[in-house]
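Notes to accompany the following structure.
The values are calculated or read from the model by the stated rules, or taken from the named source; none is laboratory data. For clarity, every value in this text was computed on a predicted model and none was experimentally measured. The accessibility values were calculated without ligands, DNA or RNA, using every heavy atom of the protein model including side chains. Shrake-Rupley method; radii C 1.70, N 1.55, O 1.52, S 1.80 Å.
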Amino acid sequence: MIEKLYQLKKTQIDRKLMEKGQLLGQINAIETELAVTQAKINTTGVQPYGAISDFTILQIHKNTMKLHMSKLNAKKRNLEKKHEVVVNELVELQKESEQYNYILQEEKKEKMKALLAAEEEAASEYMQSKYIRG
């Protein structure tokens, strides 16, 4: 039973690690998109001596990109919160897994002690029977 629980915890840990990796990948993708958008904001311009409407359109474009960045930052914060939750769940699963592993190791030690005691008893009986016959 403990073996099954231990294996279950290991499977859950693996799933959480995969989820953590996916979240980190999404966060990195958002950070990259934020950097690209910021570069676009910094480098977008109009020709000198252009019409006033060019500056208005440029400002609208920059405001749109800033809005996009604020949405990305909100999404990134949300993903970071999820990442933190997953990391905390991972820590708890690892603690439980270690507890089950400890119990399994203790059971193995007890079985080994019982086996050695049985072998010692069998050897002792053999020696006593040999001594009695001899």
Problem - Table column - 3J(HN,Hα) (Hz), the stretch 89-95, Karplus curve with 6.51, -1.76, 1.60, x for Gly and Pro - result: 5, 4, 4, 5, 4, 5, 4
Problem - Entries in K4/K76; K16/K66; K4/K113; K20/K108; K4/K82 that, when Cα-Cα distance is taken, lie over 30 Å - result: K4/K76; K16/K66; K20/K108
Practice task
Go through (1) 24, 17, 14; (2) 72, 11, 7; (3) 28, 19, 12 and flag the label whose value is the computed semi-axes √(5λ) of the Cα gyration tensor in Å for this structure.
Solution key: (2)
Completion exercise
Over the chain, with neighbouring protein chains present, the accessible area per residue in Å² at probe 1.4 Å is 79
Handout entry: Solvent-accessible area, 1.4 Å probe, carbon plus sulfur percent, for the chain
Key = 57
Completion exercise
Of M112, M1, M65, ordered by accessible area with the largest first and a 1.4 Å probe, the sequence is M1, M112, M65
